[in-house]
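Have a look at the structure below before the remarks.
We did not get these values from a lab; they are worked out from the coordinates using the rules stated. Since the model is a prediction, treat every value here as computed from it, not as a measurement. Methodologically, a virtual Cβ is constructed for each residue, glycine included, from the backbone with ideal geometry; neighbour enumeration extends over all protein chains shown.
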Amino acid sequence: MSDEQEVDDRDTRIRWLYTLAVRRHGTRAKGVGWRDGRGQLLRFAQLVRVMEGEPRGAAVSVNDLGCGYGALFPFLLRLPDVRVTRYVGYDMTPAMVARAREAIRDHRAAFLLADEATDDADYGFASGTFNVLAGADPDDWRAEVIERLTAFAARCRRGFAFNMLGTDHPRPDRLMFYTTPAAFRDAFEAAGMETTVLTGYLPGDWSMLVRY
């Protein structure tokens, strides 16, 4: 099997998993594979810290890679210190994009069927986007995720943030990808970016804030 076929097969499995989840659980945390809503919101709260330092009331635009049904958008609207004027969510699962478009009808938000960002924005977020291993080799997947996030960085003018499952996760699942921050930090800092790793908010989970 060629590398291209392996990627296609993995992407097909991921689409199937998330299609099943959103059909079964709808527009709530389990619909995108999270254990509960509390954990989903705690992860969002870490990621948005990448925007700390913006003047109060600053207008910002956002890219959301792997947006699912769009849960991050209303969370962003509730932030007291920034004002989201444009949000673009990207997801490669048609059922997710359909749910997002149905649930959120706001002129500031757009949802696109895509596995990469196509618009430029001030900040980018990827919450749980790369957590499913789906049969890939862990080392190969780690390298691919770094490559995808590097491409994502080029679409985010001021910085981006993402979260991953840690190797100390208390409930490991063979379908999921577990990693440490080291390789990600090294890659982004070698490219001249500033990184901050956040831990301790949930067992077996870490977030990275990347600024330029």
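Taking all Cα pairs closer than 8 Å and separated by 6 or more residues, the relative contact order of segment 60-134 comes to 44 percent. Relative contact order of segment 3-211: what whole-number percent is it, with Cα pairs under 8 angstrom and at least 6 residues apart? Relative contact order, segment 3-211: 19 percent. Shape analysis of segment 1-117 places it in the prolate category; the axes a ≥ b ≥ c from the Cα gyration tensor give an a/c of at least 1.5, with a/b above b/c. Qualifying trypsin sites (Lys or Arg not before Pro) in segment 135-212, where qualification requires a DSSP coil assignment and no more than 10 other C-beta atoms within 10 Å, comprise 174.
Here r is the Cβ-Cβ distance between residue 12 and residue 45 and R0 is 25 Å; the resulting FRET efficiency, rounded to 0.05, is 0.15.
Among the trypsin sites (Lys or Arg not before Pro) in segment 48-136, those located in a DSSP loop and surrounded by at most 13 other Cβ atoms within 10 Å of their own Cβ are 56, 78, 105. Using a basic spin-label model with each label point 7 Å from the Cα along Cα→Cβ, how many nm lie between residue 197 and residue 38? The two pseudo-label positions are separated by 2.6 nm. Taking the fewest neighbouring Cβ atoms within 10 Å as the starting point, the ordered list for 150, 167, 93 is 167, 150, 93. Annotation: amide H-H contacts under 5 Å for residue 58 (H modelled 1.01 Å from N, sequence separation of 5 or more, or interchain): 83. Each label point is 7 Å from the Cα along the Cα-to-Cβ direction; what then is the distance between the points at residue 139 and residue 98, in nm? Going by the 7 Å Cα→Cβ label model, 4.1 nm. Taking amide H positions as modeled 1.01 Å from N, with prolines and chain starts lacking one, the residues under 5 Å from residue 114 and 5 or more places away or on another chain are 91, 92. Taking every DSSP bridge with both residues inside the chain, close to 35 percent are antiparallel. When only alpha carbons are used to place a centre, segment 148-189 and segment 49-76 end up 18 Å from one another.
Working note: Karplus 6.51/-1.76/1.60 with θ = phi - 60° gives segment 50-59 the couplings 4, 8, 4, x, 5, x, 4, x, 4, 7 Hz, where Gly and Pro are set to x. Rounded is the label for segment 3-211, because a/c, from the alpha-carbon gyration tensor with a ≥ b ≥ c as root eigenvalues, stays below 1.5.
List the GluC sites (Glu not before Pro) within segment 86-176 that fall in a DSSP loop (any state other than H, G, I, E or B) and whose Cβ has at most 15 other Cβ atoms within 10 Å. Here the GluC sites (Glu not before Pro) that fit, given the DSSP loop and packing criteria, are 116.
Estimated at 0.36 nm per residue, the fully extended path between residue 190 and residue 83 surpasses their Cα-Cα distance by 35.3 nm.
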